Every structure is written in C-alpha cells, then in structure tokens.
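The values are calculated or read from the model by the stated rules, or taken from the named source; none is laboratory data. What you are looking at is a predicted structure, and each value in this text was computed from that prediction instead of being measured. Ideal geometry is used to build each Cβ from the backbone, glycine not excepted, and the neighbour counts take in all protein chains shown. The protein model used for the area step is the full one, side chains on, heavy atoms only, and it has no ligands, DNA or RNA in it. Shrake-Rupley method; radii C 1.70, N 1.55, O 1.52, S 1.80 Å.
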Amino acid sequence: MTAYSIKELHHLLITKKITPSQIVADAVANLAKHQVLNATVTELVAEAKALALKLDQMPVPSDNYLFAIPYFAKDNFATKGIKTTASSKILENFVPSYESTVTNILKENNSILLGKSALDELGMGGHGLYALTGDVLNPWDLTCITGGSSSGSAALVAAGVVPFALGTDTGDSVRKPAGYCGIVGFKPTYGLISRYGVFPYAPSLDTVGYFTRSVEDSAIVLDYLGQEDHQDATSLKSKEQEYFKNLTPATSKQKFAYLKNAHLLLPPEIKTHFDKLYRQLANQGFTVTGIDFPVDLLKALLPVYMVISFAEAVSSHSMLDGINFGTRVDGDSYEKVMINSRTEGFGHVVKRRYVIGSYAVSKENQTLLFLKAKRVRRLIVAALRTVFQEYDILLLPAASSIAPKINSIKDQILTEAELENYVDDLLVLANLMGNPSLTLPLAFVDKMPIGINVNAAPFADQKVFNASLLIEKMIGIKNTVAPEGGKNNG
Ligand code: GLN
C-alpha cells in the first residue's frame, strides 16, 4: 500500500478510502520488513502513529498533497528534540534545539516524519558504506551498494517504505543513489530550497534534494519546499512557481543534447539503452544532438570538486571540536581536547578529506590548488552555460554501471585510469553551476536499475520536470518498488 505515490495516497485520503493511521500502519509494517537494509538511524514509530491518530480526526485538505504523507529525513536535517547525528560519531548524542526549515515546512503541512535515515558520514561519500550505523544495502540486491551519501533515504523510497525522503546533494548524493536504486532523485536550482538547519558540507555546492518514485511526485514536493527563507543567506526569492500544475511533457520545441565523448565511454550494455532513448526521441520529432564538451574540463571535474568541497568542509566543520560542538573527549589542554575529540569523533574518509582540504587552503598551496580549482570551476560553468544557450536539456548517464557490489568497493585510491574515465563524475556539473538536475530510471540491466540524468539551465526547474515527464512516459518505468529480498525474489 505504501508503494502508492504521494499523488495516489492523497487521492485515497480525499476519497476517504484510507486514513492517516492506515497509511502509517502500512509504512511501519514495511519498515519492519526492511530492517535488513540498515537504512535508518532513528525510527519514530510511536510518534508517527500518534500524529496519524490526530490527523484521522481532521478533514483532509483537498489542496494539501503532503497531508498525512509519511517520509524520512536524512540525518543531517536538524529535528528539534530528535537526535541528529549526520551519521558521525562526533554528533552521536546531538539533539538539536532547532528545526530545519524544510522539516518545519513538512511539519506545518502535517506530513509524518517516520524517522531519520543513514548517510555517509557528514555527507562525505558516494557509497553508503561510511555511516556510523554501518553499510546501507541496495533493496534490489542486498549485496550491492545504494550509492551515497543519501543512502538510507534512497533505500527506503526504493523499498516502498515511504513515497518520498529528504536528502542533500553536494556532488551527486541524491542523483547517484537514485540511479542505483531505480527511483527519481531531484536537486533543484541552488538556493531554491532553504538549507537552514541542514548540516553543511561544502556550502558553495550543498543543495537540499529528495527522492520520490515518480516525476509528478517530485514536482509536488518542490511546490512545498521551494520557499524563500530569510534564515538562509543563499535562499532565493521564489517566483510563485506551481511546478505540479505546470507539469506537462516537454514538446518537440525543446532541444536535447548529450555529451558525445562521455557517451562513447559507456559500456555497451548501458550505452544501448541511451541510444535507444535518443532514437525514440528523434522518432518523435525531437532534436537530440551529441555535442563536444572540452574533455580537459570533464577530466577536471573530480579534482575540482575534491579541492573545493574538501576545503570548504574543513571550515564548515571546524566547530566540531568537542568544545563548541560535538562529543567531547577529555585532554589536559584545550588543544588536546580538540585533538582527542576529532581523532575519536571522525571516520577515516572524513579525516582524509580534512587533510587534503587543509593542504589545499594552506598559505603556500592556496594559489596552486584552491584558487586554481575555483578558476577551473568558472571555466566549467562557462562551458556549460554555452551548452544551455543552445540547448534546453542536457542528458547525462547517472552512472557508468549498475550499483557495484559492496565487496568491490575497496578503500579507493584514485588511479590515473579512473581519472581518465570521468563518466561517474558528470553529475558534479550541476553542483558547480547550481542548475536543476533530476535522475530517473532508464532501464534494467541484469535486473538492476540504471538511471538517466536530466539537466537544464539555472531556474529552469520546470523544464527539467517536463523533460523528465516526457522520458518517464517513453520509458514506462514509474512507481517501481524493489521486490522484497531483492531482484531474485521478484
Ligand atoms: N559522492 C560525492 C562525495 O563523495 C558527493 C557527496 C555529496 O553530494 N554529499 O563527496
């Protein structure tokens, strides 16, 4: 039953075919069945049931799609009175005294927070293997990764526990796991959704995003979350957009592009599905052009992302020292307290990133590393701007493969060969520019989902939704839920 979309649940509620308590009971039962995924940090079953009982007594507002809809929030959204760990040991016992704007909007609309989901520690990671609570498993195949860092939210939506879940996206953390898990993951234009109360990673790239199982639901959620917020200095004036109302499949006036060189790097079993879609689009009268994008800039995506995001993280997380913030580990001087707290409080991935980030901003390296990375970022954004001057939509592969096996992910040290293959770094483009970007399912390969990523210029969020709706209709994969126990049981 909770495999229903937001739109379907809302319809069932207003036609009195279901009550909030029934919705929650079903979500709770599903959550119990999917404990094996290890996707949660905190489960709020009693609280969700109590709120549902209250909502049972209220008339269902016909214009509020989010009324009584259960959801999960990534555990880097501050929830007042509810533990918010960011999946890090240093925040293990942190109970915020304030609420993030986004969870507050959802509270005001009577959505039901069913719990907090696991992430790669502090948002740093792309595998779902670096949470304090352990590995998050992909519901399509329990031996595979979900991708990260919004791993728990992706797993719970893909498993059908909730119809939507909140994530954050600094480099691809919503859109990469969405592809691996066969769902829709959206990162809107930078500034459209408030980040107040969201634990920062790299503020010039951080964006709130979320997962749903359909493009319609994705548009619905932005209608609520896309509000200006004076508590976030980067928040933008909303233009009173009604994304869901204006949702209609893109017409052939829209010009599509894809990156020719990246396309040619895809392995054949993946590439064939993109070729098929491009042919289908062309057959329906759309222009789909394979364009050249400077390969040097594509190869620079990962290094630029790493230098900028790690450097920003060093300063965003400097207050996590056991004195200002975070679990304190004693020592005989304040420096020792900081050193001990940080040594015990962070995992190895995070520590490695702080070392690289500090190196990049240190006085002697700043010009060569940090400032250079920012300059290259500008070049990448300029090249992307040229693309959007000519084309409405840029299509990218969400990843170069299906979700990798957990065992195959070693403690990765980048090799030259990996730097040559930039396909898995392409989603970073949208963080560098701040443009809207949505991943949706494209096909199944070996019974595992793969995703396509749809981009448009900054503020053209509606265009992204409309092009995605067109593609969703062409592909015919919508509201899909992973079979319980994984693909081989389906
Ligand atoms: N996977 C990327 C990383 O490892 C992106 C993380 C993110 O978007 N939070 O940092």
Over segment 32-165, relative contact order from alpha-carbon pairs under 8 Å, at least 6 apart, %: 29 percent
Cα-centre dipole for segment 1-133 with unit charges at Cβ (Lys and Arg positive, Asp and Glu negative), debye to 20: 200 debye
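Around residue 402, with a cut-off of 15 angstrom between Cβ atoms, what is the net charge of the other residues, counting Lys and Arg +1 and Asp and Glu -1?
Once positives and negatives cancel, what remains is +1.
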Nearest-0.05 FRET efficiency for residue 63 and residue 382, computed from C-beta distance (R0 60 Å): 0.90
Dmax and Rg, reported as Rg then Dmax, of segment 129-257 (C-alpha, Å): 15.4, 48
Extension gain, residue 287 back to residue 389 (0.36 nm per residue minus Cα-Cα distance, nm): 35.2 nm
Accessible surface of the chain [probe 1.4 Å, protein heavy atoms]: carbon and sulfur percent: 54 percent
Estimated dipole of segment 260-339 in Debye, rounded to 20 [Cβ of Lys and Arg +1, of Asp and Glu -1, Cα centre]: 540 debye
Tail weight of P(r) past 18 Å, computed on alpha-carbon pairs of segment 18-65, percent: 37 percent
Built amide H within the under 5 Å cut-off of residue 255, gap 5+: 392, 393
Residue 54 paired with residue 261, simple spin-label distance in nm, labels 7 Å along Cα-to-beta-carbon: 5.6 nm
P(r) weight above 23 Å for segment 334-469, C-alpha pairs, percent: 55 percent
Kirkwood Rh, angstrom, segment 281-348 [1 / mean 1/r, Cα pairs]: 15.9 Å
Ellipsoid equivalent to segment 205-249 - semi-axes via the Cα gyration tensor, in Å: 21, 14, 7
Accessible surface, segment 1-146, averaged per residue in Å² (probe 1.4 Å): 37 Å²
Other-chain or far-sequence residues with amide H under 5 Å of residue 141's (modelled H): 487
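Which three semi-axes in whole Å describe the equivalent ellipsoid of segment 419-490, each the square root of 5 times a Cα gyration tensor eigenvalue, listed largest first?
Whole-Å semi-axes of the equivalent ellipsoid: 26, 18, 9.
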Computed over segment 83-191, the ratio Rg/Rh where both radii use C-alpha atoms and Rh is Kirkwood: 0.95
Relative counts (whole %) of C-alpha pair distances in segment 166-212, using bins that are 10 Å wide: 31, 55, 14
J(HN,Hα) series, segment 117-125, from Karplus relation 6.51 cos²θ - 1.76 cosθ + 1.60, nearest Hz, glycine and proline x: 9, 6, 9, 5, 2, 6, x, 9, x
Charge tally in the Cβ shell below 13 Å around residue 54, where Lys, Arg are +1 and Asp, Glu are -1, residue 54 excluded: 0
Average silhouette area of segment 44-125, convex hull of alpha-carbon atoms, in square nanometres: 5.8 nm²
Inverse mean reciprocal Cα-Cα distance (Kirkwood Rh) of segment 1-102, Å: 15.0 Å
FRET E, pair residue 242, residue 275, Förster distance 51 Å, beta-carbon r, rounded to 0.05: 0.90
Three-way shape call for segment 112-162 based on the alpha-carbon gyration tensor, with the a/c threshold at 1.5: oblate
Semi-axis lengths, Å, segment 239-297, gyration tensor of Cα atoms, sqrt of 5 times eigenvalues: 27, 16, 12
Note, ³J(HN,Hα) from phi for segment 327-342, Karplus 6.51, -1.76, 1.60, rounded to Hz, x at Gly and Pro: 4, 8, 10, 5, x, 8, 9, 5, 5, 5, 4, 5, 4, 5, 5, 6
Computed magnitude of the charge dipole of the chain (debye, nearest 20; Cβ of K, R +1, Cβ of D, E -1): 620 debye
Normalised alpha carbon radius of gyration of the chain [divisor 2.2 N^0.38 Å]: 0.92
Label point distance in nm, residue 231-residue 362, each placed 7 Å from Cα along Cα→Cβ: 3.8 nm
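By how many nm would the segment from residue 327 to residue 407 lengthen if fully extended, with 0.36 nm per residue of separation less the alpha-carbon distance?
Separation in residues times 0.36 nm, less the Cα-Cα distance, equals 25.6 nm.
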Computed Kirkwood radius, in angstrom, where 1/r is averaged over Cα pairs of segment 306-389: 14.5 Å
